[in-house]
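Visitor: The structure follows.
The values are calculated or read from the model by the stated rules, or taken from the named source; none is laboratory data. Since we're looking at a predicted model, the values are computed, not measured. With ideal geometry, Cβ positions are generated from the backbone for all residues, glycine too; neighbour counts draw on all protein chains shown. We work out accessible area using only protein heavy atoms, side chains counted, and drop any ligands, DNA or RNA first. Shrake-Rupley method; radii C 1.70, N 1.55, O 1.52, S 1.80 Å.
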Amino acid sequence: MPVEFLGIAATNDGSETTARSGAAFDKEYTLRLARAHEDHGWDRVLFAYGSGSPDPAPAAAYIASRLERLQILLAHRPNVSYPTYAAKTFATLDRISEGRLAVHFITGGNDHEQGREGDTLTKDERYARTREYIRIVKKIWTSHEAFDHEGDHYRFHDFVSDVFPVQQPRPNVSFGGSSPAAYAVGGAEADIYCLWGEPLEQTAQQIEAVKAAAEAAGRTEPPRIQVAFRPIIAPTEELAWEKAHRTVGAIRQRRETGIVPSHHRGGVPEAPAPQNTGSQRLIAIAEAGERYNRALWTPTAAATGGAGNSNALVGTPETVARALLDYYDLGVDILSARGYDLLGDAVDFGRYVIPLVREEVAKRDAERGAKQAAEQAAEHEARHTAEHGAGDAGAPGRATLSAVRG
């Protein structure tokens with residue numbers, strides 16, 4: 001199966017290690033970063049969502065209108081707009097991008113962050129709302145006749161959109177989470193299921209949970225799986241690990257000065273432990289050990305209190321590529337990566353890691369295809385032998401026998 005790479009479409013140059021140098025929405029930097037992804041082998045970029053951050057939808061439209069190939073993954077929280085409005089926004093953006101849009105629906109794992117924009121539902125209520133929201137958006141994208149909706153969270157009558165996506169039947173729906181409630185919603189509704197980078201064993205368990213949820217929902221094909229990491233690469237292993245420790249030092253320094261918020265109970269004293277299961281899992285993994293498998297390193301996650309995509313892959317490009325291929329072998333075919341120097345790391349990862357992974361995936365796919373062809377040929381030969389007998393060697397043998405008799 002093909003492999004795809006997702007990067008980040010940040011609207012400024014700030015990160016966990018570096019303060020931004022300008023405004024929250026720096027359109028020149030936004031375009032420069034997106035173009036670096038397009039020019040260095042990435043498939044798509046994520047426009048993330050935060051309560052006080054620049055609105056990702058117009059930022060995505062800005063990039064889509066200026067680049068030709070890069071695909072857009074737009075993050076969206078259902079609490080911020082009615083689904084009829086959102087579906088039209090997404091369809092319009094898919095038109096602007098000429099069919100390069102996917103939408104990542106965020107239920108919200110932190111009550112305080114959700115409350116900043118007036119969302120007072122409980123976590124379980126939010127998941128139920130998200131499921132209803134996704135179903136409405138899908139129906140609006142694909143229905144050319146007016147319809148009514150009477151649900152637990154949304155009610156409207158006689159609605160039909162006049163703008164439809166370029167992609168048929170609709171753009172892909174992306175979803176993430178690590179709780180049973182998340183598996184249930186994403187397993188039923190998502191085309192792409194997103195996980196944060198965990199050790200291989202735990203990732204395999206999560207993939208099976210997603211597949212089980214999809215099967216329980218009556219689906220014959222489960223969602224594709226995406227896993228996210230923070231790569232830290234350098235020309236040698238020694239330099240990569242020196243860079244990793246400098247990175248964690250910078251994260252801790254910014255957190256201790258209050259610039260980077262921490263939800264880890266070992267961080268800012270008054271900060272609560274994270275509410276979302278994904279962050280809780282990252283913290284537990286970090287507490288159990290620093291290094292896993294080939295290159296997974298957890299201190300970056302611990303330093304941020306398990307905030308989002310925060311586990312690192314550390315090593316040379318060859319080491320990190322092999323680590324990513326281990327996840328590919330589990331069934332992960334979308335690899336999300338974001339460095340701490342957003343622009344420089346996007347270029348380096350695109351130059352030195354992506355080609356290695358793509359080359360090996362192509363080789364494995366070719367070997368797999370050859371093996372399947374050989375198995376099919378052997379199966380066909382066995383079937384032929386069973387039907388016609390081992391003595392039926394074909395026309396050439398019969399012709400020779402006839403010639404002898406003649």
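Visitor: Which residues does the label zone of residue 27 cover in segment 76-109, counting backbone N under 16 Å from a point 7 Å along Cα→Cβ?
Guide: none
Visitor: Keeping every protein chain in place, order 85, 327 by accessible area at 1.4 Å, biggest value first, i.e. largest first. Spell out each step's value before the answer.
Guide: Details: 85 140, 327 5 Å².
If we order 85, 327 from most to least accessible, we get 85, 327.
Visitor: Roll a 1.4 Å probe over the protein heavy atoms and report the accessible area of residue 20 in Å², nearest 10.
Guide: 130
Visitor: Could you compute how much accessible surface residue 371 exposes when probed at 1.4 Å, giving the result in Å² to the nearest 10?
Guide: My reading of the accessible area for residue 371 is about 130 Å².
Visitor: How high is the relative contact order of the chain, in percent, counting Cα pairs under 8 Å that sit 6 or more residues apart? Intermediate values should be presented prior to the final figure.
Guide: On the way: 693 pairs, mean separation 67.2, N = 406.
Contact order relative to length: 17 percent.
Visitor: On the accessible surface of the chain, probed at 1.4 Å, how many percent belong to carbon and sulfur atoms?
Guide: Heavy-atom surface of the chain belonging to carbon and sulfur, 1.4 Å probe: 51 percent.
Visitor: Does segment 4-125 classify as rounded, prolate or oblate by the C-alpha gyration tensor (a ≥ b ≥ c root eigenvalues; a/c under 1.5 gives rounded; else a/b over b/c gives prolate, otherwise oblate)? It would help to have the intermediate numbers written out before the result.
Guide: On the way: a/c = 2.01, a/b = 1.31, b/c = 1.53.
Oblate shape, in that a/c is at least 1.5 and b/c is the bigger or equal ratio.
Visitor: Under the 0.36 nm per residue contour assumption, what length would be gained going from the current alpha-carbon distance of residue 215 and residue 290 to full extension?
Guide: Between residue 215 and residue 290, full extension yields 23.5 nm more.
Visitor: To continue, here is another question. Return a single number: how many Lys pairs in the chain, at a sequence separation of 8 or more or on separate chains, have alpha-carbon atoms below 23 angstrom apart. Intermediate values should be presented prior to the final figure.
Guide: Values: 88/138; 88/139; 123/138; 123/211; 138/211; 363/371.
For the chain, qualifying lysine pairs total 6.
Visitor: OK, next. So what is the calculated 222 nm ellipticity per residue for the chain, using -39500 (n - 2.57) for each DSSP H run with n of 4 or more, over all residues, to the nearest 500 deg cm²/dmol?
Guide: Numbers: 14 runs with 196 residues, N = 406.
So the calculated ellipticity at 222 nm is -15500 deg cm²/dmol.
Visitor: Further question on the same structure: Compare 163, 353 by solvent-accessible area with a 1.4 Å probe and give them largest first, with all protein chains kept in place.
Guide: On the way: 163 40, 353 0 Å².
Accessible-area ranking of 163, 353, largest first: 163, 353.
Visitor: To continue, here is another question. What does the net charge come to around residue 69 if you take all other residues with beta carbon closer than 13 Å to its beta carbon, with K and R at +1 and D and E at -1?
Guide: Details: positive: 35, 44, 66, 100; negative: 4, 38, 39, 43, 68, 98.
Taking every Cβ under 13 Å from that of residue 69, the sum is -2.
Visitor: What nm value, rounded to one decimal, do you get for the distance between residue 162 and residue 236 when each label is placed 7 Å out toward the C-beta?
Guide: With each label point 7 Å from Cα toward Cβ, the separation is 6.6 nm.
Visitor: Measure nothing but the geometry: give the 0 to 90° angle between the long axis through the Cα atoms of 27-39 and the longest principal axis through the Cα atoms of the chain, rounded to 10°.
Guide: Result, in degrees: 20.
Visitor: Just to confirm, what accessible area per residue do you get for segment 89-240 at 1.4 Å probe, in whole Å²?
Guide: Values: 6790 Å² over 152 residues.
On a per-residue basis, segment 89-240 sits at 45 Å².
Visitor: Please arrange 94, 148, 111 by accessible surface area, largest first, computed with a 1.4 Å probe and ligands excluded.
Guide: The residues order as 148, 111, 94, largest area first.
Visitor: What does the charge count near residue 196 come to, summing +1 for each Lys or Arg and -1 for each Asp or Glu among other residues with Cβ under 13 Å from its Cβ? All intermediate terms of the calculation are to be shown ahead of the outcome.
Guide: Details: positive: 230, 281, 338; negative: 198.
With Lys, Arg at +1 and Asp, Glu at -1, the net is +2.
Visitor: Taking a probe of 1.4 Å, how large is the accessible area per residue of segment 268-346, in Å²?
Guide: Values: 2600 Å² over 79 residues.
Value for segment 268-346: 33 Å² per residue.
Visitor: Another question, then. Measure off 7 Å from each Cα along the Cα-to-Cβ vector at residue 253 and residue 364, then give the distance between these two points in nanometres to one decimal.
Guide: Result for the modelled spin labels: 3.9 nm.
Visitor: Can you give the accessible area of residue 342, probe radius 1.4 Å, in Å² rounded to 10?
Guide: That residue has around 10 Å² of solvent-accessible surface.
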